[in-house]
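**Q** The structure under discussion is supplied below as structure tokens; questions concerning it will follow.
Just so it is clear, none of the values below were taken in a lab; they were calculated from the coordinates. No experiment lies behind these values; they were computed from the predicted model shown. No Cβ is skipped: glycine too gets one built from the backbone with ideal geometry, and neighbour counts run over all protein chains shown.
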Amino acid sequence: MRIGGGVQTIREFLQADLIDEMHLAVVPIILGRGERLWDGLEGIEERFNVESVSSPSGVTHLTFWRR
């Protein structure tokens with residue numbers, strides 16, 4: 001299954017432990033105040049392996065997969 005949405009959607013699925021794999025593209029721009037994805041998700045690094053790949057454009061691709 002594939003989901004799409006904003007920070008709140010991702011947070012809800014992670015809190016419900018419904019994510020097996022996740023890809024995030026982090027773009028180095030600020031639009032307004034933004035929303036904090038990781039607030040309230042302490043310990044997520046214990047549930048997932050994480051790979052980070054930076055591109056020349058400055059975008060960082062984060063891939064998470066369940067341990």
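**Q** If you take log10 I(q)/I(0) by the Debye sum over Cα atoms at q = 0.14, 0.19 Å⁻¹ from the coordinates, which of (i) -0.38, -0.70; (ii) -0.58, -0.88; (iii) -0.46, -0.85 do you get?
**A** Recomputing log10 I(q)/I(0) by the Debye sum over Cα atoms at q = 0.14, 0.19 Å⁻¹ here picks out (iii).
**Q** Where in region 19-52 does the label zone of R67 land, with the point 7 angstrom along Cα→C-beta and an amide N cut-off under 11 Å?
**A** Residues 43-50 fall inside that zone.
**Q** Moving on to the next point. Between M1, I29, F64, whose Cα lies farthest towards the positive end of the dipole of the chain when Lys and Arg beta carbons carry +1 and Asp and Glu beta carbons carry -1, centred on the Cα centre?
**A** Farthest towards the positive pole: I29.
**Q** Next question, about the same structure. Just how large is the dipole of the chain about the Cα centre, in debye to the nearest 20, putting +1 at every Lys and Arg Cβ and -1 at every Asp and Glu Cβ?
**A** Using Cβ point charges on Lys, Arg, Asp and Glu, the chain gives about 180 debye.
**Q** Continuing with the same structure: Order of 5-16, 48-59 by packing, highest average Cβ count within 10 Å first?
**A** Descending mean neighbour count gives 5-16, 48-59.
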